[in-house]
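Participant: First the structure, which I've put down as structure tokens, then a few questions once you've had a look.
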Amino acid sequence: MEIDKEQKKRITKWILGIATAIILIFLGVQNISHVANAFNYAVGLLMPLLLGVVIAVILNVPMRFFEMQLFKITKNKHLQKLGRPLAFLLSLVLIVGIIAGIIRLVIPELASAVSIIVDGAIDAINKLSSMSQEELMELPFGNILLNTDWNNILSNVEQWLKTQGGSMVNAAFGTVTSLIGGIFDFFISFVFAIYILFSKDELKKQATRLIQVWVPKRYGEWFIHAVSVANVNFRNFISGQSLEAVILGVLCMVGMWIFRFPYAPMVGALVGVTALIPVVGAFIGAGVGAFMILTVDPLKTVFFLLFIVVLQQLEGNVIYPKVMGSRVNLPGMWILAAVTIGGGIGGPVGMLVSVPIASTAYALFKEATDNRERRQAVNNS
């Protein structure tokens, strides 16, 4: 079979492309540390913009709902132009209001619990200092307290504070600098998210046009389809996870009221908010709640932890499947794996976005597998 010029060109391009890819992979493996440093540097530069995209995706869920409702109310084109800004303001007020309400519930109660622990520690120290040696010996650890050289311990602590004072000041200064930098980065991310949300239709048209012009038709259509699947998965995950967190928080609060646990509204709200982080979120809220209850009644802390375990089983086996349903079609094993990897890469933000990313990859791979099976069945028939 003769090979024409066009086929020779395609074969040559493929050979050059494969050879170039192999060389680049080899050089990358040989200089893996430099590649990793360059990657981390690039991610650091782009992180405010990436965070802006995440904020835009999250805000777009309530904003899209408000936009649809506002467009249903009026057919006036001038009023519809105000629909997007008004939907953005309503979404922002909703999210900021929820965050402010949670802070208003949690911070005062947490400060009160810490104050109770500090006061209890001071009272215990005062009682120990006023006891005689005979009274101290009657305590379970009285012998250890009497034989401990407290002056030497205080001297070592004082010496440590003197030697570490400079590094502690530097650490505090570094923390303040990082905090200011973080606030500035968040401001940039938020402004970038606003630009994305207010021009999302134009951005979609421009991206589609660029892909259709510069990417081969087959790959361009697949990429547009993949982005569409990812968009649906992200939207469904955020709405479903939010609804599931509200249900879990309400059930936790009602259950704590029924069993007469203290701090029911605060712990219920905290468990609901932390449940937005898949798999491990509710346990974080439960840990803080157990700490709070411990300051009031240690025995109730044990019953509270048992209550949370039962509630988690109910949530994981009944509520979560019912609420999420077919929204995020991802087995539990892969959800845990995605959260673990996402948390290691991007912290809390990585944990939040890892599940819809993994769900998108799972859906696309499953779709490709089904298509390949159908083609094989046709070829074999």
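Participant: Where residues in the stretch 213-235 are polar (S, T, N, Q) and at pLDDT below 85, which of them is surrounded by the most Cβ atoms within 10 Å (Cβ to Cβ)?
Facilitator: Result: ASN233.
Participant: Now for a different question. Considering only the stretch 51-63, how many residues are at pLDDT below 85 and open to solvent by 40 Å² or more (accessible area, probe 1.4 Å)?
Facilitator: Count: 2.
Participant: Between a residue in the stretch 179-202 that is closer than 21 Å to GLY83 by Cβ and any residue that is assigned to a helix (DSSP H, G or I) and aromatic (Phe, Trp, Tyr), which pairs come within a Cβ distance under 7 Å, given they are 6 or more apart or on different chains?
Facilitator: Between residues of the stretch 179-202 that are closer than 21 Å to GLY83 by Cβ and residues that are assigned to a helix (DSSP H, G or I) and aromatic (Phe, Trp, Tyr), the close pairs are LEU197/PHE88.
Participant: Would you confirm whether any residue within the stretch 78-87 is open to solvent by less than 90 Å² (accessible area, probe 1.4 Å), of a type in the set (A, V, I, L, M), part of a helix (DSSP H, G or I) and modelled with pLDDT of 85 or more?
Facilitator: Yes, the conditions are met somewhere in the stretch 78-87.
Participant: I would also like to ask the following. Return yes when LEU59 is of a type outside the set (Ser, Thr, Tyr) and more than 16 Å from PHE88 (Cβ to Cβ) and no when it is not.
Facilitator: So LEU59 does not fit the description; no.
Participant: Residues that are modelled with pLDDT under 85, of a type outside the set (A, V, I, L, M), outside any helix (DSSP H, G or I) and more than 30 Å from ILE103 (Cβ to Cβ): does the stretch 191-203 have at least one?
Facilitator: The answer is no, given that none of the residues of the stretch 191-203 is modelled with pLDDT under 85, of a type outside the set (A, V, I, L, M), outside any helix (DSSP H, G or I) and more than 30 Å from ILE103 (Cβ to Cβ).
The values are calculated or read from the model by the stated rules, or taken from the named source; none is laboratory data. Everything numeric here is computed off the predicted structure, so don't read it as measured data. Methodologically, a virtual Cβ is constructed for each residue, glycine included, from the backbone with ideal geometry; neighbour enumeration extends over all protein chains shown. Side chains are part of the model used for accessible areas, which takes the heavy atoms of the whole protein and leaves out ligands, DNA and RNA. Shrake-Rupley method; radii C 1.70, N 1.55, O 1.52, S 1.80 Å.
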